[in-house]
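Okay, structure first, notes after.
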Amino acid sequence: MRYRTLGRTGWEVSEIGFGAWGIGKHMWVGADDEESMRALHRAVDQGVNFIDTALAYGVGYSENLVGRFVKERSERIYVATKVPPKNRIWPSKGTLDEVFPPEYVIECAETSLANLGVNTLDLLQLHVWDARWFADSRWFEPLDSLRRQGKIRYFGISINDHDPDSALDIVGSGKIDTVQVIYNIFDQKPEDRLFPLCQQKNVGVIARVPFDEGALTGSISPDTSFPSGDWRNDYFRGDRKRQVHDRVEKLKGFLDTEAGALPDLALKFCLHHPAVGTVIPGMRKTSHVDANIAVTNTPPLSAHLVDRLREHRWEKNFYS
Ligand SMILES: NC(=O)c1ccc[n+]([C@@H]2O[C@H](COP(=O)([O-])OP(=O)(O)OC[C@H]3O[C@@H](n4cnc5c(N)ncnc54)[C@H](OP(=O)(O)O)[C@@H]3O)[C@@H](O)[C@H]2O)c1
């Protein structure tokens with residue numbers, strides 16, 4: 001495993017972190033707690049030391065599982081969690097008072113502390129962000145107060161889907177420690193403005209959804225079906241499975257000694273950018289953990305291959 005500094009936190013985090021949405025069972029159908037725990041152990045056995053969860057992932061289910069898991073280990077594991085929008089609307093919609101009123105942010109942090117069974121949260125992220133809130137200091141006050149009380153170490157935001165530029169003001173202000181953003185072979189937009197600013201301000205970058213919810217692993221074909229109740233029935237609705245399949249087929253032409261499989265190519269693409277501190281694939285199976293971690297034991301992508309992948313940038317928003 002290779003490690004990188006996560007911005008101003010100074011933490012040396014594993015290049016591959018653990019995305020813990022799926023193990024929360026909410027929206028993702030098919031997780032099994034025993035297998036999830038095995039996957040977490042397998043990840044940490046191989047050097048993973050960063051886990052991303054959220055209060056919203058199964059209404060505390062993922063946090064509880066992660067909290068239980070961390071207690072079974074002696075290693076220092078950094079756990080990031082998130083405050084859900086009060087109105088439960090993703091991406092953000094509404095005023096700061098409707099989405100993150102100060103007393104609500106504090107209340108959620110207290111719940112996350114209890115769920116994770118810790119006295120201090122390593123990293124607390126606002127689970128959505130609207131650039132219009134930046135001018136109102138009340139987004140900052142509860143986070144700053146929690147930090148002064150020793151209840152959180154660092155705080156940041158998780159940026160709305162496909163909208164990295166909405167974080168430019170807040171990153172530029174120097175008031176947050178990290179951002180979490182969608183970054184993958186299709187959505188390369190964070191490279192345009194967000195990443196250079198994060199580097200300038202020493203803000204840590206957590207790259208999420210490296211596989212475009214599974215599309216970039218090559219496992220989605222036009223006749224793929226998801227279990228009933230799984231949110232990906234909506235994400236990949238209509239003609240979308242065919243659209244991603246056609247594009248991913250073209251990426252197969254790049255598989256060679258630099259990346260032998262599509263998941264490797266997808267993760268290595270995220271890791272080629274020096275602004276990225278950690279990339280957090282969602283993983284529920286030990287086999288996926290093994291495959292993803294193996295990526296950090298091989299050389300990074302060449303600049304030539306990265307340049308060729310730039311042609312595969314695809315502006316879309318399947319979340320809407
Ligand atoms: N708004 C936000 O803040 C937000 C939104 C979305 C995600 N996130 C965070 O980002 C993390 C990652 O995003 P995501 O989980 O939505 O999507 P993702 O990482 O792009 O894709 C996850 C999918 O890829 C599969 N997978 C993982 N490794 C694989 C491999 N080597 N080969 C084949 N398939 C593989 C997973 O399967 P299995 O699950 O079966 O292992 C799962 O179906 C989340 O877990 C969460 O922590 C945050």
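At a glance:
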item: Where a residue in the stretch 207-219 is touching a residue at least 60 places away in the same chain (Cβ under 8 Å) and its partner, wherever it lies, is within 6 Å of the ligand (Cβ to nearest atom) and assigned to a helix (DSSP H, G or I), with Cβ under 7 Å and at least six apart; result: F211/T217; F211/P263
item: Among (1) within 12 Å of the ligand (Cβ to nearest atom); (2) touching a helix residue (DSSP H, G or I) at 6+ places or on another chain (Cβ under 9 Å), the one test that R313 misses; result: (1)
item: Residues within the stretch 198-219 that are among the small types (G, A, S), within 8 Å of the ligand (Cβ to nearest atom) and outside any helix (DSSP H, G or I), tallied; result: 2
item: Lone unmet requirement of (1) within 12 Å of the ligand (Cβ to nearest atom); (2) buried (at least 17 other Cβ atoms within 10 Å of the Cβ); (3) part of a loop (DSSP other than H, G, I, E, B) for L267; result: (3)
item: Residue in the stretch 273-307 that is farthest from the ligand (Cβ to nearest atom), counting only those that are among the small types (G, A, S) and under 21 Å from V205 (Cβ atoms); result: A303
item: Selected residue (criterion: nearest to the ligand (Cβ to nearest atom)) from residues of the stretch 1-48 that are free of Cβ contacts under 8 Å to residues at least 40 places away in the same chain and under 19 Å from K71 (Cβ atoms); result: L40
item: Tally of residues being surrounded by fewer than 23 Cβ atoms within 10 Å (Cβ to Cβ) and under 17 Å from H312 (Cβ atoms) across the stretch 270-291; result: 3
item: Residues being more than 7 Å from G17 (Cα to Cα) and within 11 Å of the ligand (Cβ to nearest atom) - total across the stretch 49-60; result: 5
item: Selection from the stretch 220-236 of residues that are surrounded by fewer than 20 Cβ atoms within 10 Å (Cβ to Cβ) and part of a helix (DSSP H, G or I); result: N233, D234, Y235
item: Some residue of the stretch 167-186 being more than 11 Å from the ligand (Cβ to nearest atom), more than 22 Å from L123 (Cβ to Cβ) and surrounded by fewer than 24 Cβ atoms within 10 Å (Cβ to Cβ); result: no
item: Verdict on R153 being of a type in the set (K, R), modelled with pLDDT of 95 or more and under 17 Å from D177 (Cα atoms); result: yes
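The values are calculated or read from the model by the stated rules, or taken from the named source; none is laboratory data. This structure is a prediction, so every number in the text was calculated from the model and none was measured. Counting neighbours? That spans all protein chains shown, and the Cβs are built from the backbone with ideal geometry, glycine included.
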